[in-house]
Amino acid sequence: MSSKLIPDNPAEVMVIRNITPNIVTLSVPFKRFGRFDIGGRGTIVRLTSGSLAVFSPVALTPDVKAKVAEMGGKLEYIVATDIEHHIFVSDWKQEYPDAHILGPEGLPEKRAKVHDDERIGKEAFHTVFTTADKGKQTVTPEFDADFTHEFVDAHPNKELVFLYRPDRVLIQADMLFNLPAVEQYSRVPEEAKPKNGLLNKFFTSMNSTAGDAMGIKRFLWYAISSKDRDGFNKSVQRINEWDFVTIVPCHGETMEALGSSVCWVQLKHVYYDLITYYGMVIFVLINSVAQLLRQKGSWRLGLLLGRSHVAAPKHTSHLPRRTVHLNHFVSKGEAASEAEPPQSTFTVAVKDNIATQAHPTTCASNILRDYTSPYEATVVRQLRRRGARVVGTTNLDEFGMGTHSTHSAHGPVASPAGRSAGGSSGGSAVAVAAGEVEVALGTDTGGSVRLPAAYNGVVGFKPSYGMLSRYGVVPYANSLDTVGLLARSVERIRDLVVGEGLWAQHDDKDPTSLSAAARLRCASGRTGYKGEAAKVGWEGLTFGIPLEYNIFELDPLIREAWEEVAALLQSLGANVVPVSLPTTRQALSAYYVLAPAEASSNLAKYDGVRYGNPGPESENEGGVLYSAARGAGFGDEVKRRILLGAYSLSSEAMDNYFVQAQKVRRLVRGDFDRVFLLDNPLVDKEPTEEGFGEEAEQADLADLHEDVPLLNKRGPARVDFILSPTAPTPAPTLDEALSQTSLDSATNDVFTVPASLAGLPAISLPVDMKEDVHGVGRFAGIQIIGQYWDDARLLDVAVALRGVLGRGLV
């Protein structure tokens, strides 16, 4: 690497950015071999002692010197992270003469041989990492207290990889690129930005972590590690065992929301299906040519060279590269559809358990790997007819079973804040939060649209059960599954559901779709179904605060946001009163009996014969082969729920579990019907033994925070809507989510499951919390629940609340 290749105006084009309070990156343009736009990046770290260390140093501009001074000014370590990233070592040493120089073996000798580059000096090294002392070397006590290192001597460039443990940040140079280098070229003039030529496409595809990172895996396997694969793999394995959530590469985009469970594994799991390195080159070159041909319109030849199951592209989706590390898309790229109008007006992402013909429908499961549906879901076709352009399918928990989108064959999903994306529609919520689509489709069985919406700061709407068609939706639990919508704008959801008539469309292909006559009967007793948003009169509305939702486990910041919204509604003139929903305490238990029971039945057809990929080859027949297919195809969480459901349906357990859970479900619905002003149009109004139609009972919210100015903390009350948190806590970190037990994960749905059991419409709105949560995770989700088929009025209220709340709503 020569200093002749660096930019001649680094002060004008450098991007200085805080990654954490203790870590700053210095990003600049840089051309590999003078041709490939890979960018360069240095990293400054403030140790817990207060000393500073710079890794892969770049140009020492006045702004960089000012940043060093701002961070404390005591620069003690200059680290060349391999034998290539050392050009500016002398410049930094001259400015900070007391600093220690660190680097790999071979670098001091290499620098000593340079005679034609005046920038490269002959300074002595404090620490040289060697193969002979690998695993035993130390630097200084203060450095070793903060950093773990791995000397990857099997890499041709002699890579040094460092983990800054206090902030869980991995710093490395050439072990892992993440092209294209968007940030590093963001300040250069337009004419100097990277060109999208064939060679750049080839090099970028070979050094990108997008999708399954096929190119970079093969490049590492067939080229980089070919001389000592065993040593290389052992180094990667050790690095993969570290605890980190961010990777700072020298080339390409910083990966800030991955976690050790999903990022370094890109290097660990290498593909073996090409015979030689040259085969890999041919593979990448073919895919680059195919992509170029598609963009030029020669799609027939492009399909022959590329993926054959993708239809002729009608649009090219340029999704922002900055969010590819979030792992939220399973498949990207639009293809032609007979249902698509001539002019698309908005973009949509579709959850990977909703069938599209243009993309595989895998349900994030190995048992449906590469499966493409022969037909398209009704709701997808309906959106296309209304101007939607589907840009891809999104990641989820396998078959919708999970609360963090971590139980996926495609790997976990991370939110833009670097935390759990929620589940199971986490990929859809992240696509909206990242600004890549206007609307996303999800499915909500027990909160799988609303919880991700709360974690990602977007709007998530679950309509009344039976309103939107489930035809083409791979079922989890038929009596609970509901297609939901996520967006940044409440108005966009309302326009689609009410203004453009999604609420009114019966689908005879879906036996749970409410009939046209029933829809008209339900709507006749409701307002807001005229296609235009109604003016909300707050003085005429009553909101209920459910006593049972004020649980001990509720995070104080979430409780404060809930109380603030309640107080705001009251200040607007709405009546805010306490209500009691006593069966809430049993709702979660009932749900985790009913949903797995239905799932065990629905998933029985995935046996490798009727549906699903066959399991590992076996000489055995019958049940053994069946078991092999399901054992290899299903993930652990799905297997757990199948076993739980099968047991609750067994003759020994059905009466004690499944039947009792059904009774609890009816009581949950009865609780809601008792407190809502509007009647449930599907329920007999006569009193029953379960208590439907009884007089409203007293509710006591005297223990609610004393600063909440409710007019009356006791009542009976009949209300228009119920106001509650969406989730009891803010979004956990991705590693926290991955370490949660099944029971811990289940409790995240405690506020969303009751509305699902009752089939009621509910919407989650994002609200800012007063304090930041560990530096990230800004939003709390506030849920509004309405009576059955009161969706239009619920959406009107959500739109109005968005307009007056002011902050926190996207």
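The values are calculated or read from the model by the stated rules, or taken from the named source; none is laboratory data. What you see is a predicted model, and the numbers here were worked out from it, not measured in a lab. Note that we place each Cβ from the backbone using ideal geometry, even for glycine, and neighbour counts take in every protein chain shown.
Overview of results
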read-out	value
Selection count, the range 373-396, where residues are closer than 13 Å to H359 by Cα, crowded, with 20+ Cβ neighbours inside 10 Å and among the small types (G, A, S)	2
Search result, residues across the range 30-51 that are closer than 19 Å to I247 by Cα and either surrounded by fewer than 17 Cβ atoms within 10 Å (Cβ to Cβ) or not β-branched (V, I, T) (or both)	G39, G40, R41, G42, R46, L47
Single residue of the range 509-561 satisfying the filter (small (G, A, S) and assigned to a loop (DSSP other than H, G, I, E, B)) that is nearest to the chain's Cα centre (by Cα)	S513
Those residues of the range 411-437 which are within 8 Å of the chain's Cα centre (by Cα) and surrounded by fewer than 24 Cβ atoms within 10 Å (Cβ to Cβ), in sequence order	P416
Positions within the range 760-780 being surrounded by 24 or more Cβ atoms within 10 Å (Cβ to Cβ) and either touching an Asp or Glu at 6+ places or on another chain (Cβ under 9 Å) or at pLDDT 95 or above (or both), in sequence order	L760, P761, A762, I763, S764, L765, V767, F779, A780
Failed item, numbered, when G573 is tested on (1) assigned to a loop (DSSP other than H, G, I, E, B); (2) closer than 23 Å to W789 by Cα	(2)
Residue, modelled with the highest pLDDT, within the range 631-663, restricted to residues that are part of a loop (DSSP other than H, G, I, E, B) and of a type in the set (D, E)	D655
Criterion: in contact with a helix residue (DSSP H, G or I) (Cβ under 8 Å, 6 or more places away or on another chain), among the aliphatic types (A, V, I, L, M) and at pLDDT 95 or above - qualifying residue of A595, A533	A595
Members of the range 98-110 found to be over 9 Å from H126 (Cα atoms) and either surrounded by fewer than 22 Cβ atoms within 10 Å (Cβ to Cβ) or not assigned by TED's automatic domain parsing to the domain that holds D174 (or both), listed by number	D98, E105, G106, P108, E109, K110
From the options V161, V128, residue that is over 20 Å from W242 (Cβ atoms), assigned to a strand (DSSP E or B) and hydrophobic (A, V, I, L, M, F, W, C)	V128
Condition check for D735: modelled with pLDDT of 90 or more, at negative phi, among the acidic types (D, E) and not in a loop (DSSP other than H, G, I, E, B)	no
Subset tally (residues that are buried (at least 24 other Cβ atoms within 10 Å of the Cβ) and either touching a strand residue (DSSP E or B) at 6+ places or on another chain (Cβ under 7 Å) or not in a helix (DSSP H, G or I) (or both)) for the range 738-749	0
Evaluation of T583 against (1) under 27 Å from the mean Cα position of the chain (by Cα); (2) at pLDDT 90 or above (one fails), failing number	(1)
Among the residues listed as D684, D607, the single one being of a type outside the set (A, V, I, L, M, F, W, C), touching a Phe, Trp or Tyr at 6+ places or on another chain (Cβ under 6 Å), modelled with pLDDT under 90 and surrounded by fewer than 21 Cβ atoms within 10 Å (Cβ to Cβ)	D607
